[in-house]
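The values are calculated or read from the model by the stated rules, or taken from the named source; none is laboratory data. Since this is a predicted model, take the numbers as computed values, not measurements. Virtual Cβ from ideal backbone geometry, glycine too; neighbours counted across all protein chains shown.
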Amino acid sequence: MTSYAEFYRQSIDQPDAFWTEQAALVDWFTPFTRVCNDDNPPFTRWFEGGQTNLCHNAVDRHLASRGDQAALIAVSSETGQEKTYTFKDLHAEVQRMAASLQAIGVVKGDRVLIYMPMIAEAAFAMLACARIGAVHCVVFGGFASGSLASRIEDASPRVIVSADAGSRGGKALAYKPLLDEAIRLSSHKPEAVLLADRALAPMTLVPGRDLLWADLRAKYMNAQVLCEWLDSTDISYTIYTSGTTGKPKGVQRDTGGYAVALASSMKHIFDGRAGETYFATSDIGWVVGHSYIIYGPLIAGMASIMYEGLPTQGMDGQPNGGVWWSLVEKYKVTAMFSAPTAVRVLKKQDPALLKKYDLSSLRALYLAGEPLDEPTARWISEGLNVPIIDNYWQTETGWPLLTVANGVEATPSKFGSPGVPMYGYNVKLLHESTGEELLLPNEKGVVVLVGPTPPGFMQTIWRDDARFVNTYWKSVPGKMVYSTFDWGIRDEDGYYFILGRTDDVINVAGHRLGTREIEESISGHASVAEVAVVGVADALKGQVAMAFVVPRDSGVFNDAAACLKLEGEIMKRVDGDLGAVARPARVHFVSLLPKTRSGKLLRRAIQAVCEGRDAGDLTTMDDPAALQQIRHRLGAA
């Protein structure tokens, strides 16, 4: 058996041979003639001369051997509906959607913007675009009109696919009025809008522009739409990075390289096997949803669960902190992918729920999206009794950059570390000012990638090559390397630890501290459920750390003495772990922290409120009351 160290070395030292072998995991209509073209760095082109199709690899190629097997399992605890589509069913629905898009003028290279909730029709739309060679641009459902308008402006779609409404916590969120206003605000106007009507909110159709998916579907029930064979380097999709300010930043991805990267990662990283079930709890509006709800599992011949709802809401709409575990049991999920925030939410539920369901099918739980603190990892590890595998990556990378590849060689995880560099990624730690490579254990530097970047990595920023180069490849003096904009250290065993964004570093009286380090210390306190630490401007020290803590016991809020006692214990803990310089100036107790709907903490918004500044675009915020609570706590202090 090949060791992972050998596997990794081959990917770096002999990339052409390595990726030729990985490319055999997908079907090619025309074989490629050149594996890696890195003649014009940092623009890397993979599998030139080859032709393939993402939809073919995700759907069509499975029809002969597993056509009657489950492919897409659409589950909504919001509406109480569950439906399983076999590969044959999915093939038929995707062709109906593809024929509908063609009927309203979509051709190869056109952009189709998808603004939808987590429903099966969204998957049909993505796969249909891939089938006919259209470039899909999925925008997170529920974005406010202004944010959506800027993305419509940038993507310039011929058609928009949307729905009447999404639903969250049993409350319908009408999409159509938001979309209508976004189109009004945008200088680019789509030729048509295709709408799924869920009967959750009333819709007013614009004559000559708006069409109902049900009407077109009925017209094309027996449609047969062949896959458009695309050059490997053709664009498959664009996706906008979360937290973008100003002009949206559209990450552009290719077709062949992405297909190979996903097929390879499903085998080597996620140990996915055809016929099994994969459950990613993300949203298709984010890159995890693209890679590991839609394309990755289907390319691997697995069933993929697409879930709409909260992790604490049952299929009957009532509170149920075990709903995800019930799905693991029902559909015999073997690999599950979620976020640390979701686990922290579940951590507040009855621990008996982890023992209530038969979870024996589950081989591993993968977590990503934000740093995984050790207490949370340990809690869920002990509860599920399966490996908890952290993985670190970005919208830009398309698939994990740091983790462990148990599909190659069983490798232990370390709590607090996402793992080691994945094959194809030449990862380095560089000094932020000098660009010098840091080789000793536990030296803090910026995590960077040396080109060429592997298959599946972003090609460029949509319509802005100069911005791609200037943003990502010129931030380290004298070096053309891709900056992740994250601080990291590497231990003596080669495991990386991510310490937070380079722009989330706190500079306290000349001492540079990562927010992650302080959060890690505070989260280890037994009375702490969640924590966010931000740097706040201070006239004397430049910045001070401010901590916002969600206590396990909600009774703390109404007990001033309990608050004071817990604050003192937290201060003492940070003193002991990191030294007095890292001690927060204050610890404020809140019942919830501001997050995006995908579960990422809005640290910059917290910092802005602390400093009395405008918190910026908050359209992705899950609960606006969270920031209000912080304002109240600061005012009362």
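Just one of (1) of a type outside the set (Gly, Ala, Ser); (2) at pLDDT below 85; (3) more than 25 Å from residue 393 (Cβ to Cβ) fails for residue 619. It is (3).
Of all residues in the stretch 601-618, those that are assigned by TED's automatic domain parsing to the domain that holds residue 629 have Cβ atoms under 7 Å from Cβ atoms of residues that are surrounded by 18 or more Cβ atoms within 10 Å (Cβ to Cβ) and of a type in the set (Ser, Thr, Tyr), 6 or more apart or on another chain, in 602/596; 603/515; 617/147.
The lone criterion from (1) crowded, with 19+ Cβ neighbours inside 10 Å; (2) under 24 Å from residue 347 (Cβ atoms) left unmet by residue 610 is number (2).
Under the condition of being of a type in the set (A, V, I, L, M) and surrounded by fewer than 24 Cβ atoms within 10 Å (Cβ to Cβ), the residues counted in the stretch 269-286 number 1.
Just so you know, in the stretch 204-224 the residues that are in contact (Cβ under 8 Å) with a residue 24 or more places away in the chain and assigned to a loop (DSSP other than H, G, I, E, B) include one that is farthest from residue 100 (Cα to Cα), and it is 204. Look at the stretch 254-276: where a residue is under 19 Å from residue 73 (Cβ atoms) and a partner is in a strand (DSSP E or B), sitting 6+ places away or on another chain with Cβ atoms under 7 Å, you get 270/335; 270/366; 272/278; 272/335; 276/334. Just one residue in the set 364, 410, 377 is surrounded by fewer than 17 Cβ atoms within 10 Å (Cβ to Cβ) and either under 17 Å from residue 339 (Cβ atoms) or not charged (D, E, K, R) (or both); that residue is 410.
Looking across the stretch 536-585, the residues that are within 21 Å of residue 506 (Cβ to Cβ), at pLDDT below 90 and of a type in the set (Gly, Ala, Ser) come down to 537, 539, 542, 576, 579, 580, 582. Of the helices (runs of 4 or more DSSP H) entirely within the stretch 305-375, those holding at least 2 residues that are hydroxyl-bearing (Ser, Thr, Tyr) occupy 323-331. Here is a list: 168, 151. Which entry is within 24 Å of the chain's Cα centre (by Cα) and either buried (at least 21 other Cβ atoms within 10 Å of the Cβ) or not assigned by TED's automatic domain parsing to the domain that holds residue 313 (or both)? 151 is the lone residue from the list that is within 24 Å of the chain's Cα centre (by Cα) and either buried (at least 21 other Cβ atoms within 10 Å of the Cβ) or not assigned by TED's automatic domain parsing to the domain that holds residue 313 (or both). One residue stands out in the stretch 135-149 among those that are touching a Lys or Arg at 6+ places or on another chain (Cβ under 7 Å) and at pLDDT 90 or above: the one that is nearest to residue 163 (Cα to Cα), namely 139. Here residue 476 does not qualify as in contact (Cβ under 8 Å) with a residue 60 or more places away in the chain and surrounded by 16 or more Cβ atoms within 10 Å (Cβ to Cβ). Within the stretch 29-57, how many residues turn out to be free of Cβ contacts under 8 Å to residues at least 24 places away in the same chain and part of a strand (DSSP E or B)? Looking only at that region, the number is 5. Of the listed requirements (1) at positive phi; (2) of a type in the set (Gly, Ala, Ser); (3) within 28 Å of the chain's Cα centre (by Cα), residue 199 misses just one: (3). Can you say whether residue 260 is crowded, with 24+ Cβ neighbours inside 10 Å, in contact with a strand residue (DSSP E or B) (Cβ under 8 Å, 6 or more places away or on another chain) and assigned to a strand (DSSP E or B), as far as the supplied structure shows? Criteria not met by residue 260. Of a type in the set (Ser, Thr, Tyr) and within 28 Å of residue 623 (Cβ to Cβ), is that true of residue 334? In short, no.
Matching residues to (1) under 16 Å from residue 252 (Cα atoms); (2) among the acidic types (Asp, Glu); (3) in contact with a helix residue (DSSP H, G or I) (Cβ under 7 Å, 6 or more places away or on another chain); (4) in contact (Cβ under 8 Å) with a residue 12 or more places away in the chain:
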| site | (1), (2), (3), (4) |
| --- | --- |
| 443 | no, yes, no, yes |
| 447 | no, no, no, yes |
| 455 | yes, no, yes, yes |
| 461 | yes, no, yes, yes |
| 472 | yes, no, no, yes |
| 491 | no, yes, no, yes |
| 496 | no, no, no, yes |
| 515 | no, no, yes, yes |
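Filtered by the rule that a residue be more than 21 Å from residue 137 (Cβ to Cβ), assigned to a loop (DSSP other than H, G, I, E, B) and of a type in the set (A, V, I, L, M, F, W, C), the stretch 269-304 gives 269, 270, 274, 300, 302.
If you take the residues in the stretch 58-115 that are in a helix (DSSP H, G or I) and of a type in the set (Gly, Ala, Ser), which one is surrounded by the fewest Cβ atoms within 10 Å (Cβ to Cβ)? Ranking the qualifying residues of the stretch 58-115, first place goes to 64. Of the residues in the stretch 562-583, at least one is at negative phi and part of a loop (DSSP other than H, G, I, E, B). Of all the criteria given as (1) among the small types (Gly, Ala, Ser); (2) over 14 Å from residue 519 (Cα atoms); (3) touching a residue at least 60 places away in the same chain (Cβ under 8 Å); (4) touching a helix residue (DSSP H, G or I) at 6+ places or on another chain (Cβ under 8 Å), the one not satisfied by residue 562 is (3). Inside the stretch 297-329, can you point out the residues that are without any contact (Cβ under 8 Å) to a residue 40 or more places away in the chain and closer than 30 Å to residue 26 by Cβ? Within the stretch 297-329, 297, 300, 302 meet the criteria.
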